[in-house]
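Have a look at the structure below before the remarks.
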Amino acid sequence: MKTRALATLSVLALTAAFAQPALPAPGPATSYILNTREWDASSAGEYDGRLRLSIYPDGTISGNFMTTEGQLASVSGGLTGTKIWLQIGNGARGHIFTGTFVDGKLETTGSGAGLHVWNFEGKPAPR
């Protein structure tokens, strides 16, 4: 009987030792709506749009981006302190931008085809 009790306690102890701790709920997201512009200094013109972001307490970002022509793209990314990265769109049409996000103001850059460097900035949209 004593051996069986020790075996049961050993199994319980090993199970507890290897169990994953419960992850806390991410909590409510902070939402931002930004008027944006994207341009490449070596090209003429710019692209304007609206970026809607949800930033969760763990730094996870989700949202969408709509151009003034009505094209919609999904957005994902992350935020650590003021450093931000965003992926706008998926696959070959997706762009990755890195930069800063401070007080609702976005300033990022991303690589384009060849030597192009795209600037992507956003400022809080009036509500």
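The numbers here are math on the coordinates, done by the rules we state, and not lab data. Source: prediction; values computed, not measured. Don't worry about glycine lacking a Cβ; one is built from the backbone with ideal geometry, like all the others, and counts go over all protein chains shown.
Values computed for the structure shown
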{"quantity": "Charge dipole of region 30-124 about the Cα centre (unit charges at C-beta), most positive-ward option of His116, Ala44, Leu106", "calculated": "Leu106"}
{"quantity": "Sum of side-chain charges, Ile84 neighbourhood, beta-carbon under 13 Å (Lys, Arg +1; Asp, Glu -1)", "calculated": "-1"}
{"quantity": "Within region 85-127, backbone nitrogen closer than 16 Å to the virtual label 7 Å beyond the Cα of Arg50 toward Cβ", "calculated": "122-127"}
{"quantity": "Positive minus negative residues near Lys105 (Lys, Arg vs Asp, Glu; Cβ under 10 Å)", "calculated": "-2"}
{"quantity": "Label-zone membership for region 44-73, site Ser31, 7 angstrom Cα→C-beta point, backbone N under 13 Å", "calculated": "52-55, 63-64"}
{"quantity": "Average silhouette area of region 30-124, convex hull of alpha-carbon atoms, in square nanometres", "calculated": "5.8 nm²"}
{"quantity": "Stretchable slack from Thr82 to Val102, in nm (0.36 nm times residue separation minus alpha-carbon distance)", "calculated": "6.6 nm"}
{"quantity": "Summed side-chain charge close to Leu51 - residues other than Leu51 whose Cβ falls under 14 Å, Lys, Arg +1, Asp, Glu -1", "calculated": "+1"}
{"quantity": "Point-charge dipole on Cβ atoms (K/R +1, D/E -1) for region 30-124, about Cα centre, debye to 20", "calculated": "160 debye"}
